[in-house]
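A short write-up of the structure that comes next.
The values are calculated or read from the model by the stated rules, or taken from the named source; none is laboratory data. Since the structure is predicted, the reported quantities are computational estimates derived from the model, not experimental observations. When we count neighbours, we look across all protein chains shown, and the Cβ atoms used for this are built from the backbone with ideal geometry, even at glycine.
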Amino acid sequence: MSSPGLSSFAATQALWRFLNNERVTLPALAEPLRAAAREAIARRELPCVLVVHDWCKLDYRRHGSKRDVVQLTHARDVGYELGTALLVSPADGSPLAPVELRLRTAEGVHSTRDEKVSAACCHVDQVLPTMEASDGWELGVPCVHVIDREGDSVGHFRRWSAGGHLFLVRADDRRVVHAGRSVLLSEVAEELASGGRFREVGDVEYRGGRGRQEVAEVEVVLDRPAQRRGRDGRRRVVPGDALVVRVVISRIRDSEGRVAAQWLLVTNVPGELAAGERLARWYYWRWRIESFFKLLKSAGHEIEHWQQQSGMAIARRLLVVAMACVVVWELERNESVEGRELKRVLIRLSGRQTSRRRPVTAPALLAGLLVLLPILDLLEAYDGDLRQLRDLALKAIPFLDTG
């Protein structure tokens, strides 16, 4: 029988060698995630898939051993920046898999797209290379790229459309051409509201409560020139062709009927693929990537406490734990008899309290899974004999025997 202590030490050494092995590339580690995504898309027969783009900071200002951290905003904001493309189901908003990860360090950007370190660039400029890379993921269905207001750029809209890429972006109150007039999107929303064009599409969760979602849509033209900052820091006007897009206005009304939130969504997704209310729901599901970041951080893997000494080692470990997130999401959706029983066991092992409204959560399942895996390893050492393990514990700690 092997010693569990020696096995743990050997596993720690093996993990260190793995995370610092230059032959272990990020594109190779990303392939199992993409394979899991392809399998999920095919199994669920999805007509398309949402690719949600977002960025988050990894705080390592207290980690003096990491020599490649970068100043992100102010002097005390030090660490790495993680960019992610997360696949989400358009049918029910469930997360499928993160298929591209980029980690910005002082050395440059480590990416699952390329083995070489690339130069850093602004967030919106990172989107088109990911769009182009998505053609090589072999997903078998069209991708709709969902981006928050960081993606609101008419110059990028034109380049994305010219490349044949579908996008759904939350816009600021920009000026457009509607019904032959130059107006602000907020004015378009007011006209649609006064004309009774909004329609209720169902209940949604909003800031811990419930709200009613209503949607209106209209076609507009983007004809204004883009602005792009040059290397010298100056803004330059970049003219371009007029671009016809759909604008979807999504509103949330609270229990008293007041407008609690409003989103102005710009998209080139054709109407035969998705109506306005479906597009509004697709953008609503953008929050799944925030849940993924939370699962990496305080609600799960505690990434900001990892002690690896380089961004590359962090990136390798990140891709491994990302697969654990995929496993948890799959289990969360598993409603078989075995799936429900395993979820019950994992929730109990997690030691976390869950609400009656949400008895199963991804953070609790992950915490339970991280307890279960060492137990399974321990049972291997004891040849799966639970009675032998119980007798050992009672002999060593007699007061555990309560009857």
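General observations
- Pair list, Cβ under 6 Å, 6 or more apart: region 261-272 residue within 12 Å of Leu168 (Cβ to Cβ), other residue surrounded by fewer than 18 Cβ atoms within 10 Å (Cβ to Cβ): Asn268/Ser161
- Annotation note: Cβ proximity below 7 Å between a residue of region 120-134 that is within 14 Å of Val169 (Cα to Cα) and a residue that is acidic (Asp, Glu) (sequence gap 6+ or interchain) occurs for His123/Glu150; Val124/Glu150.
- Within region 59-81, none of the residues are at pLDDT 95 or above and within 30 Å of Leu273 (Cα to Cα).
- Filtering region 27-49 to residues that are touching a residue at least 60 places away in the same chain (Cβ under 8 Å) and either on the phi > 0 side of the Ramachandran plot or touching a Phe, Trp or Tyr at 6+ places or on another chain (Cβ under 6 Å) (or both) leaves only Arg34.
- Single residue of Leu370, Leu365 found to be touching a Leu at 6+ places or on another chain (Cβ under 8 Å), assigned to a helix (DSSP H, G or I) and surrounded by 13 or more Cβ atoms within 10 Å (Cβ to Cβ): Leu365
- Only one of Val247, Val321 that is out of contact with any His (no Cβ under 8 Å at 6 or more places or on another chain) and either more than 21 Å from Val169 (Cα to Cα) or crowded, with 19+ Cβ neighbours inside 10 Å (or both): Val247
- Answer residue from region 341-355, given it is surrounded by 12 or more Cβ atoms within 10 Å (Cβ to Cβ) and free of Cβ contacts under 8 Å to residues at least 12 places away in the same chain and is farthest from Val371 (Cα to Cα) among those: Thr354
- Selection from region 198-223 of residues that are closer than 26 Å to Arg286 by Cβ, surrounded by 16 or more Cβ atoms within 10 Å (Cβ to Cβ) and not aliphatic (A, V, I, L, M): Phe198, Tyr206, Gly211, Arg212, Gln213, Glu214, Glu217
- Residue within region 163-179 that is surrounded by 17 or more Cβ atoms within 10 Å (Cβ to Cβ) and in a helix (DSSP H, G or I) present: no
- Members of region 61-84 that are aliphatic (A, V, I, L, M) and in a loop (DSSP other than H, G, I, E, B): Val69, Leu72, Ala75
- Given (1) over 26 Å from Leu96 (Cα atoms); (2) of a type in the set (D, E, K, R); (3) assigned to a helix (DSSP H, G or I), index of the condition Arg348 fails: (1)
- The residue list Ala274, Ala280 contains one member that is touching a Ser or Thr at 6+ places or on another chain (Cβ under 9 Å) and either on the phi > 0 side of the Ramachandran plot or not in a loop (DSSP other than H, G, I, E, B) (or both), which is Ala280.
- Taken over region 119-139, the criterion of being under 19 Å from the mean Cα position of the chain (by Cα), assigned to a loop (DSSP other than H, G, I, E, B) and surrounded by 13 or more Cβ atoms within 10 Å (Cβ to Cβ) is satisfied by His123, Trp137, Leu139.
- Selection status of Leu86, out of contact with any helix residue (DSSP H, G or I) (no Cβ under 6 Å at 6 or more places or on another chain), of a type outside the set (Gly, Ala, Ser) and at pLDDT 95 or above: no
- The listed residues are Leu295, Leu372, and the only one of them that is hydrophobic (A, V, I, L, M, F, W, C) and over 30 Å from Arg212 (Cα atoms) turns out to be Leu372.
- Only one of the numbered conditions (1) outside any loop (DSSP other than H, G, I, E, B); (2) at pLDDT below 95; (3) of a type in the set (Asp, Glu) is not met by Glu219, and that is (2).
- Of all residues in region 99-118 being in contact (Cβ under 8 Å) with a residue 12 or more places away in the chain, in a strand (DSSP E or B) and of a type in the set (Ser, Thr, Tyr), the one that is surrounded by the fewest Cβ atoms within 10 Å (Cβ to Cβ): Thr105
- Cβ pairs under 7 Å, 6+ apart, first in region 376-390 and within 21 Å of Leu342 (Cα to Cα), second in a helix (DSSP H, G or I): Leu378/Pro4
- Matching entry among Leu96, Leu87, Leu58, Leu50 (being assigned to a strand (DSSP E or B) and more than 29 Å from Val269 (Cβ to Cβ)): Leu58
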